[in-house]
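What follows is a set of notes on a single structure, which appears directly below.
Only the coordinates and a few stated rules stand behind these numbers; no lab work does. Please read all numbers here as calculations on a predicted model, not as lab measurements. Don't worry about glycine lacking a Cβ; one is built from the backbone with ideal geometry, like all the others, and counts go over all protein chains shown.
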Ligand SMILES: C[S@@+](CC[C@H](N)C(=O)[O-])C[C@H]1O[C@@H](n2cnc3c(N)ncnc32)[C@H](O)[C@@H]1O
């Protein structure tokens, strides 16, 4: 049986606690070592040993003890490992910081898709309407699928179109269906992204609304710093502007009114619910920004409890 | 000694002259510079303030789970001088701050990692003399036991901050605390414990020794 050690100085195979039976030394440059340690060189090396028929233990050997076997001093070990791990952390942090910006771009991308879909579908409806004005299917996707499949056009007031004429329309329809698929894929991606970027807000609002709030605020940081009263009207900027300019009633409806519980509540209770909801969102955003990784399920529970009280 | 009582407060001798890590006050005593240790910002500070005694040594290798931006770690760094602190945290923003601090102190190592997966930092962390855990997670005891098993030497010490609200908000904190103790007591001896009021609400600090 041999134990393996993965250290900043090299990979070791050690038999009987102190016999180095195989070794792959690493370079002296901390930056290079960092890249090797986060890559899969160690795994490759281990596989190589296995192929040679070595009987390898699952647990990884203490890296300092391994280094001592090679004649490296404790002081050297500590000094060098520190430089290496600083490089590793730099590489990894770089990958993670600013992921809320990806949320912003995804939300923007979805908006663009929706706008484009709407423009083109309206065109298709008008175009196809020349041919078959009686076809009434409100749902865009169903409508497009239907015209691609082709319809029996009996007793229509529309004009006849050749195969070629129709093909021009259905090509466009096919592209839009493709865009719907893309939209779904981005939504799935955004859902996962929100787990990473803002899990507590997501637990409370769902991925779409949570992402929308981050987009409206400009970043997770700004959302975390906004007071609940502003979160409540995020997305109602136009109405807010009018209110400030012309003294119209202050807006109570920001994007948080997309929440189903609030939408379905009696009108008289919506304001109260929106206020509570905004408070919990503010707390969740703070948790996600200031102590990332910390789960706060009690915020959802408190919100649910409050909903019951208000709707009673 | 590097920990000093100044009136009712405590302070550590600054390892990096002139450096302030979290806007703490600096003060001179007998020609040496000290950093005041704010018990409201640090659970180890709070426990010491409440009379817990930790027999630190200047060569201790320390694994710190949930190091955050390094507020507490900076004082431990003052104390253990020639030792090393392996600070683990999965939150990129706070770990970045700890990384910047680590570049100024030769006994700090930032590890961007998750204490739920102790093997993931085995390439760098050797057997240690001391573990500090302050992760505020529901599965705190599990996280602690896994790490202690892999890294803490026999007879080694551990400081654990138990936050009852992170484990179960609905339970009485005392219940959560005794449950935590039961979960670790086969492997650990409890040397001392302190509630952290008035500095922290519903927190218990434990000093443990690995059997
Ligand atoms: C209360 S703060 C720690 C404050 C720090 N100990 C101090 O006194 O300066 C809790 C930290 O635990 C971290 N944390 C949460 N889950 C963790 C895990 N699984 N592994 C390591 N750290 C974790 C959080 O990212 C957060 O930075």
Exercise. In nm, what is the difference between 0.36 nm times the number of residues separating residue B:25 and residue B:211 and their Cα-Cα distance?
Worked result: 63.1 nm
Exercise. Which one of B:134, B:78, B:168 has the biggest mean-square fluctuation once chain B is modelled by GNM with Cα springs under 10 Å?
Worked result: B:168
Exercise. What residue among A:200, A:114, A:122 has the largest mean-square fluctuation in a Gaussian network model of chain A, using Cα springs under 10 Å?
Worked result: A:122
Exercise. Which whole-percent values make up P(r) of chain A when all C-alpha to C-alpha distances are grouped in 20 Å steps starting at zero?
Worked result: 23, 32, 31, 13, 1
Exercise. How many nm is it between the label spots at residue B:50 and residue A:113, if each spot is 7 Å from the Cα in line with the beta carbon?
Worked result: 5.2
For this session: Report the percentage of all Cα-Cα pairs in the stretch A:198-311 whose separation exceeds 25 Å, rounded to a whole percent.
Result: 19
Seminar exercise, completed: Computed curve, the protein assembly as shown, Cα-only Debye sum without solvent term, log₁₀ I(q)/I(0) at 0.09, 0.10 Å⁻¹, is -0.82, -0.94
Exercise. In nm, to one decimal, how far is the residue A:268 label point from the residue B:119 one, both placed 7 Å along Cα→Cβ?
Worked result: 6.1
For this session: Based on a Kirkwood Rh over C-alpha pairs, give the Stokes-Einstein translational diffusion coefficient of chain B at 10 °C and viscosity 1.306 mPa s in µm²/s.
Result: 92
Problem set entry | In nm, spacing of pseudo-spin labels at residue B:187 and residue A:148 (7 Å Cα→C-beta vector) | 5.6
Problem set entry | Cα long-axis angle, helix B:173-184 against chain B (0 to 90 degrees, to the nearest 10) | 80
Problem set entry | MRE, 222 nm, helices only [DSSP H, n ≥ 4, -39500 (n - 2.57), over chain B, to nearest 500] | -7500 deg cm²/dmol
Seminar exercise, completed: Plugging the Cβ-Cβ distance of residue A:43 and residue A:163 into 1/(1 + (r/R0)^6) at R0 = 45 Å yields, to the nearest 0.05, a FRET efficiency of 0.20
Problem set entry | Mean separation of Cα contacts under 8 Å (6+ apart) over length of chain A, as relative contact order % | 13
Seminar exercise, completed: If R0 = 41 Å, then residue B:127 and residue A:312, at their Cβ-Cβ distance, give a FRET efficiency to the nearest 0.05 of 0.10
